[in-house]
Every structure is written in structure tokens, then in C-alpha cells.
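> Mind having a look at this structure? Questions to follow.
The values are calculated or read from the model by the stated rules, or taken from the named source; none is laboratory data. Keep in mind the model is a prediction, meaning the values are calculated, not measured. Don't worry about glycine lacking a Cβ; one is built from the backbone with ideal geometry, like all the others, and counts go over all protein chains shown. Areas reflect the complete protein model, heavy atoms only, side chains present, ligands, DNA and RNA absent. Shrake-Rupley method; radii C 1.70, N 1.55, O 1.52, S 1.80 Å.
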Amino acid sequence: MTTIFAKIIRGEIPANIVYQDDLVTAFRDINPGAPTHILIVPNKVIPTANDLTEADEAVAGRMMRVAAILAEREGIAASGYRLIINCNKHGGQEVYHLHMHLVGGRPLGPMLNRAA
Ligand code: AMP
């Protein structure tokens with residue numbers, strides 16, 4: 001299975017990659033919702049959060065750790081930020097390659113639109 005994110009990870013299509021290691025790749029979102037909007041993605045295709053297995057615990061942990069590293073690097077660790085993983089239709093997932101959004105750089109407001 002391949003995804004647009006897999007192509008970015010392999011360098012087949014351009015992206016603003018800000019971090020890459022043996023388990024994860026991080027790049028700036030093409031349509032940012034805040035001054036910092038970075039996607040942290042497993043190098044292997046895991047379609048959704050539902051598909052995480054015990055064998056993926058290292059990669060899931062690395063995603064969290066890299067988020068903290070990049071937040072520090074972006075200068076938003078102290079002011080604060082939000083980490084988001086959307087899953088399936090109700091979660092608003094658009095790309096079926098697991099990814100964590102690191103969003104910050106301005107006050108983000110309430111987490112959910114409670115009117116929906
Ligand atoms: P989600 O709704 O959680 O699946 O989010 C998918 C995100 O991927 C959106 O915020 C898009 O703006 C972003 N995105 C889609 N294509 C690209 C791309 N080629 N490079 C960077 N970000 C992308």
C-alpha cells in the first residue's frame with residue numbers, strides 16, 4: 001500500500017521535511033492552520049490509529065517524543081500546542097497514513113466545536 005505521505009517519506013514528491021529518523025518523518029502541513037503545523041508520520045504505512053499493534057508501540061512513542069522535540073525547536077514548548085490524531089470519518093481523517101498534527105504558535109481556542 002502507498003500513500004501521498006509514503007511518497008514524501010521516500011522523497012518521491014516534495015515536502016518541507018523538518019525531521020527524519022529510522023521510525024518517523026515530520027514535515028510541514030501544506031495547508032497550515034497555525035504558525036506551526038507539522039505532521040509526524042510513521043515511516044511504515046499504518047492506515048489509522050485503529051491499526052496500531054503491540055509491534056508499533058516504539059513508533060507510536062517516537063511520534064510523541066518527536067512532537068516534543070519539534071515543539072521545543074519551534075519555540076512553542078512553553079507557550080503550548082496541541083497534538084491531534086484524526087481517525088476515520090468522524091475524526092475527519094483525510095489521509096489514510098497515520099499522522100500526528102503538531103499545531104501551535106497562537107492560542108488555539110477550545111478543542112471541539114460543541115455545536116456540531
Ligand atoms: P487529516 O485530516 O488528519 O487526515 O490531515 C491530513 C493533513 O494532510 C491535512 O492537514 C492536509 O493539509 C495535509 N496534507 C495533505 N497533503 C499534503 C502534502 N502533500 N504535504 C503536506 N501536507 C499535506
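> Out of everything in region 1-60 that is small (Gly, Ala, Ser) and touching a residue at least 40 places away in the same chain (Cβ under 8 Å), what residue ends up being nearest to GLY91 (Cα to Cα)?
Step by step, filter region 1-60, then rank; the result is ALA49.
> Taking the conditions exactly as written (part of a helix (DSSP H, G or I) and either open to solvent by 20 Å² or more (accessible area, probe 1.4 Å) or out of contact with any His (no Cβ under 7 Å at 6 or more places or on another chain) (or both)), does ALA55 satisfy them or not?
yes
> Of the residues that sit in region 29-43 and are in a loop (DSSP other than H, G, I, E, B) and in contact with a Gly (Cβ under 8 Å, 6 or more places away or on another chain), which one is nearest to the ligand (Cβ to nearest atom)?
So the first thing to find is which residues in region 29-43 are in a loop (DSSP other than H, G, I, E, B), and the list is 29-35, 43.
In the following step, the residues that additionally are in contact with a Gly (Cβ under 8 Å, 6 or more places away or on another chain) were identified as 34-35.
On the way: ALA34: 11, PRO35: 15 Å.
Of everything passing the filter in region 29-43, ALA34 is nearest to the ligand (Cβ to nearest atom).
> Quick one: would you say LEU52 is within 15 Å of the ligand (Cβ to nearest atom) and either at negative phi or under 11 Å from the mean Cα position of the chain (by Cα) (or both)? Even if it seems obvious, please write down each step before you answer.
On the way: within 15 Å of the ligand (Cβ to nearest atom): no; either at negative phi or under 11 Å from the mean Cα position of the chain (by Cα) (or both): yes.
Taking the combined requirement at face value, the residue does not satisfy it.
> Out of ILE30, ILE38, ILE69, I need the residue that is open to solvent by 90 Å² or more (accessible area, probe 1.4 Å) and of a type in the set (Val, Ile, Thr). Which one? Please lay out each step first, then the result.
Values: ILE38 fails: open to solvent by 90 Å² or more (accessible area, probe 1.4 Å); ILE69 fails: open to solvent by 90 Å² or more (accessible area, probe 1.4 Å).
Just a single option satisfies the conditions, and that option is ILE30.
> Okay, moving on. If we scan region 92-111, do we find a residue that is within 16 Å of the ligand (Cβ to nearest atom), open to solvent by 80 Å² or more (accessible area, probe 1.4 Å) and closer than 19 Å to ILE4 by Cβ? Don't jump to the end; show me each part of the working.
Taking region 92-111 and keeping what is within 16 Å of the ligand (Cβ to nearest atom), we get 92-105, 108, 111.
Still in the list and also open to solvent by 80 Å² or more (accessible area, probe 1.4 Å): 94, 96, 111.
Then drop every residue that is not closer than 19 Å to ILE4 by Cβ, which leaves 94, 96.
For region 92-111, residues within 16 Å of the ligand (Cβ to nearest atom), open to solvent by 80 Å² or more (accessible area, probe 1.4 Å) and closer than 19 Å to ILE4 by Cβ: present.
> Quick check, is ASP22 acidic (Asp, Glu), at pLDDT 95 or above and not in a helix (DSSP H, G or I)?
yes
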